[in-house]
Amino acid sequence: MPVPVRDELRSFKSLQAKEKLVLGPGYLDSGYVLVDEMGEARNIKQLRRRAYGIMALLGLRQVRLHDDRASCFTYLANMGVPDHVLARWAGDTNVRTTKRRYVTPGVKGLRGAATVWGGLHGSGDDIPGVVRDCEI
């Protein structure tokens, strides 16, 4: 886990512990990470509103959270995270579902595929890592 993410999660956990202490038995210990000051899980509308507010504050282009999720899974897939781990992290029981919903090829991946495809009708000499056993 990236250090800034880990640090923020630890800080958030500390804040939640303080809120739980203040509310005592009134705090709902739901087990969710994204909760309000009373321990109740946030709904998607609240999360979306908060995320869009942060994007606007930072001057970033507004990106749908679903698209952002897909970008994260595509990045992880491109970095070699196994499909079954991606599926588990996405909460899917089927690897194909995760790949269909979230993993999309980027320009870098498409360039590699284009190079390989070019080898089908060319000499193939331009494909890195490919050694020919015989002449065609």
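No value in this document is a laboratory result; all are computed from the given coordinates. Since the structure is predicted, the reported quantities are computational estimates derived from the model, not experimental observations. Using ideal geometry, Cβ is built from the backbone for each residue, glycine included, and neighbour counts are taken over all protein chains shown.
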Of the residues that make up region 39-54, is at least one surrounded by 10 or more Cβ atoms within 10 Å (Cβ to Cβ), outside any loop (DSSP other than H, G, I, E, B) and in contact with a strand residue (DSSP E or B) (Cβ under 7 Å, 6 or more places away or on another chain)? yes
If I filter region 55-73 for residues that are part of a helix (DSSP H, G or I) and over 19 Å from the mean Cα position of the chain (by Cα), do I get at least one hit? yes
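Condition check: in contact with a helix residue (DSSP H, G or I) (Cβ under 7 Å, 6 or more places away or on another chain), assigned to a helix (DSSP H, G or I) and basic (Lys, Arg). Does Arg6 satisfy that?
Details: in contact with a helix residue (DSSP H, G or I) (Cβ under 7 Å, 6 or more places away or on another chain): no; assigned to a helix (DSSP H, G or I): yes; basic (Lys, Arg): yes.
Considered against the rule, which asks whether it is in contact with a helix residue (DSSP H, G or I) (Cβ under 7 Å, 6 or more places away or on another chain), assigned to a helix (DSSP H, G or I) and basic (Lys, Arg), Arg6 comes out as no.
Can we say Leu21 is in a helix (DSSP H, G or I), of a type in the set (A, V, I, L, M) and surrounded by 12 or more Cβ atoms within 10 Å (Cβ to Cβ)? Break it down stepwise before answering.
Values: in a helix (DSSP H, G or I): yes; of a type in the set (A, V, I, L, M): yes; surrounded by 12 or more Cβ atoms within 10 Å (Cβ to Cβ): no.
When the stated conditions are applied, Leu21 does not pass them.
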Over region 57-106, the set of residues surrounded by 11 or more Cβ atoms within 10 Å (Cβ to Cβ) and small (Gly, Ala, Ser) is Ala70, Ser71, Ala77, Ala87, Ala90, Gly106
